[in-house]
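Please read the structure below before turning to the comments.
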Amino acid sequence: QVQLVESGGGLVQPGGSLRLSCAASGIIFSAYTMRWYRQAPGKQRDMVATITPGGTTNYVDSVKGRFTISRDNAKNTFYLQMNSLKPEDTAVYYCNTLFATTQYWGQGTQVTVSA
């Protein structure tokens, strides 16, 4: 059974930093592309960043230069380091992977950027 468990959200002031973590189980973690999505109130869920098994990363334009996705295959965990946070980054953040044609999601973690 595939499980994704997130941690690390919270309240931060504009310009601050947070690091999200997502621990995976039930898959050969090192073989899969992992993704972070976010969903702001009243909006659709959008992809933020991806990392392939080989470590190639991709970001939505709005977070380039501020967010960094990384993975630790020894710990079956991947991360989203978020720096220079802006109020528009406020959302519920979800980790995700596709396994055997099924999308799996974490439970979501709230990130609020506010003074």
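The table below lists the values:
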{"item": "From phi via Karplus (6.51, -1.76, 1.60), per-residue ³J(HN,Hα) for region 69-75 in Hz, x at Gly/Pro", "result": "9, 8, 9, 10, 5, 5, 9"}
{"item": "Net length gained if the chain between N73 and Q1 were fully extended (0.36 nm per residue, minus Cα distance)", "result": "24.1 nm"}
{"item": "Surface/4 estimate of mean projected area, convex hull on alpha-carbon atoms of the chain, nm²", "result": "6.8 nm²"}
{"item": "R0 of 22 Å, Cβ-Cβ distance S17-M47: FRET efficiency to nearest 0.05", "result": "0.55"}
{"item": "Solvent-accessible area per residue, Å², over region 1-101 with all protein chains present [probe radius 1.4 Å]", "result": "51 Å²"}
{"item": "Charged-residue dipole, Cβ positions (Lys, Arg, Asp, Glu), the chain about Cα centre, Debye nearest 20", "result": "60 debye"}
{"item": "Rounded percent of accessible protein surface that carbon and sulfur make up, region 1-80, 1.4 Å probe", "result": "47 percent"}
{"item": "For the chain: relative contact order, % (alpha-carbon pairs under 8 angstrom, 6 or more apart)", "result": "36 percent"}
{"item": "Alpha carbon convex hull of region 9-70, volume per residue in cubic angstrom", "result": "114 Å³"}
{"item": "Top of T68, T97, T56 by mean-square fluctuation, Gaussian network on the chain, Cα under 10 Å", "result": "T56"}
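The values are calculated or read from the model by the stated rules, or taken from the named source; none is laboratory data. Source: prediction; values computed, not measured. Every residue, glycine as well, gets a Cβ built from its backbone with ideal geometry; the counts of neighbours run over all protein chains shown. Just the protein is used for accessible areas: all its heavy atoms, side chains included, with ligands, DNA and RNA removed. Shrake-Rupley method; radii C 1.70, N 1.55, O 1.52, S 1.80 Å.
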